[in-house]
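Trainee: For reference, the structure I am asking about is given below.
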Amino acid sequence: MKKFIIFLNIMLLVTMSYGQEQNSEAAYVDNEFIIWLMQDVDAYAFAADSNVGIMPKRQLSERLNIWLFEINDSKESREDKMSRLNKNADVRVIQNNHTNIMLREAIPDDPYYSQQWAMAIMSLPQAWEEYATGGITATGDTIVVAVIDGGAFLNHEDLSFWKNTREIPNNSIDDDGNGYVDDYHGWNAYYHNGNVSSNDHGTHVAGIIGAVGNNGKGVCGVNWNVKIMPVCGSSGNESIVVEAYSYVLEMRARYNETNGEEGAFIVATNSSFGVDYGNPANYPIWCAMYDEMGQVGILSCGAGPNLNVNVDVVGDVPSTCPGDYLIGITNTTSADVKNSSAGYGINNIDIGAPGTSIYSTVPNNNYSFKTGTSMATPQVSGTIALMYAAMPEEMMLACKSDPASFCLSVRQALFDGADNLASLDGLVAEGRRLNAYGAIERLLNVPVIPMLIGEVGIVGEAVVGETLTLKANLSSTPIIPELGELSYQWQRDSTNIDGAVFQSYTLTEDDVDALICVQVVAENCTGTVTSPVIGPVRGYSGIDENENMSFKVYPNPSNGKIIVEGSGQLVVTNTHGQTVLVKEIIDFVTIELPKGMYFARLGNSVRKIVVE
């Protein structure tokens, strides 16, 4: 994420010389801006107090505080207004609301191949036979792929769509409190409601991902039983695209935060649309959405252009957006070569997939052939969903412990398991063409960090010269890989203390005003793996005079809502040593945290927080 923020800061100042960007950049709504405000900034107060000459038109993402603004005065030029607002401390990013976005479907001009030729070339029958046909994870999660498109025919006999069962349809009430009214079937970002439109293109894409298999009807998707979340948002208007992605982000984030009680276990998005010759520097908020979704565990699959151009040179959105959570995809044929009307580029097109003469579902229980990067992209998103279905329980536990890092492991396994074709050398990164069996096989060979459970008690006073010792009662879950020998590594502010791999540690002057922790390391057949940091203790001289007795945390354990009493800067870290919250407190504050264990630090005092 830091890399992307640096990208934003640089790219907002530097114009890249992509091929036809001037034509592309000209297409935007003249009296609108998309603005990503700082998290605590109220959009209406911002517009009123700052005399900025714009008014909020619609919130695109509540979680990220992204808004569509409308210009409401003519005191200065549009360019001057944008430049001035870009310097405002309340503005994280400001950009145009572009309108030059196109679906990435091409009309086939080659003879039709036998129906669903792509399944064999991607080794899907072998993957289904040996590993999984899809649908549910080993921990009981219903796997969902979000299709950002023009909509879908919801009553198709051969498709299985996700439903938001916590929402009562058509009662004009936001029953689940997610900020979206009547989103029982999904979301329509065009009209900002839950009425999903029927659409030929979106229905075809949905069938490639997840047409129901082995049901005696029609065709078979990459994943036989995956749920498709339809989101209408492949718009010519960029604010609609941002709103569509924001819905997906919200639903997966809620799933993580409520342990699956709300939201949806979305593992991938599918976007078969984009901007030919687009310069990502001009689409910073659109591009940022991929990293934001990645942070909650979503990989995004983006179609490259249906033009025989090098996107590394001429540009493209989304495939040239930076970040680790977006996969750029091109179209290959049954001859295992790039389609002559598809984009390429070894830096931004990550993988090729069959997209030529693909037979799939269309409205009214019909089926047809289509060609384009639009058809290649769902082969990849469907495979990602199949990979989650094939994972054993220990992998799913690792996924839930750190979804952002875990989905990058899935991405890498997808790449490592691909076929490397000479025909794609110099066109696609490492000449990759999707192989579903290879992706699953590579993923299942990734070492899994054991989740160490139990307690580590630290014995001894936090006084310089005193010795701290450990009292550990640990076991490992899952059972595989087997828990081997344990060792202990003391840390100071998440930095290893050299030579301190012992069960005791003596505090020194260097430890004054430092957070001392212990990290547990397990040795097993997969090598050395490390658990989260646990058991912090504050190191300083004079524990009695420095202890903040007014610092209270309750209820503890809690169900997620915690009251913190005290004054000063509160810093909350998770068991990985990552900061999850920083907040100034005067007297008291209520905070909310997902299920897990945390450490709250206020001044010289640390409190452990358990959320059940």
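Since every read-out is calculated from the coordinates, none of them should be taken as a lab result. In this text, all values refer to a predicted model and were calculated from it rather than measured experimentally. Every residue, glycine as well, gets a Cβ built from its backbone with ideal geometry; the counts of neighbours run over all protein chains shown.
Trainee: Using a 10 Å cut-off around each Cβ, can you sort 117, 162 from fewest to most neighbouring Cβ atoms?
Mentor: In increasing order of surrounding Cβ atoms, one gets 117, 162.
Trainee: What ranking, highest mean first, results for peptides 325-337, 128-140 when packing means the other Cβ atoms within 10 Å averaged over each residue?
Mentor: Packing order, densest peptide first, comes out as 325-337, 128-140.
Trainee: Can you tell me how much longer the chain between residue 583 and residue 467 gets when fully stretched, taken as 0.36 nm per residue apart minus their C-alpha distance, in nm with one decimal? It would help to have the intermediate numbers written out before the result.
Mentor: Values: separation 116, 0.36 × 116 = 41.76 nm, distance 3.26 nm.
Length difference between fully extended and current span is 38.5 nm.
Trainee: Also, I was wondering about something else. Beyond 31 Å between alpha-carbons counts as too far, so tell me which of 227/595; 217/370; 163/608 fall in that bin.
Mentor: With Cα atoms farther than 31 Å apart: 163/608.
Trainee: For 386, 434, 249, 581, what ranking results if the residue with the fewest other Cβ atoms within 10 Å of its Cβ goes first?
Mentor: Neighbour counts put them in this order, fewest first: 581, 249, 434, 386.
Trainee: Sorting check: for 74-87, 163-176, 206-219, 344-357, which peptide has the highest mean count of neighbouring beta carbons within 10 Å, and how do the rest follow?
Mentor: Per-residue Cβ counts within 10 Å, averaged per peptide and sorted highest first, yield 344-357, 206-219, 163-176, 74-87.
Trainee: In addition: Could you pull out every one of the lysines with an alpha carbon less than 26 Å from that of residue 57, ignoring same-chain neighbours closer than 8 positions?
Mentor: By straight Cα distance, residue 57 reaches 75, 81, 87.
Trainee: Sort 185, 156 so that the residue with the fewest other Cβ atoms within 10 Å of its own Cβ comes first and the one with the most comes last. Please list the in-between numbers first.
Mentor: On the way: 185 20, 156 24.
Going from least to most buried by this count: 185, 156.
Trainee: Can you tell me which of 365-376, 310-321 comes out highest on packing, and rank the rest after it, using the mean Cβ neighbours within 10 Å?
Mentor: 310-321, 365-376
Trainee: Which shape class applies to region 197-238: rounded if a/c is under 1.5, otherwise prolate when a/b exceeds b/c and oblate if not, where a ≥ b ≥ c are the square roots of the Cα gyration tensor eigenvalues?
Mentor: Cα axes put region 197-238 in the prolate bin.
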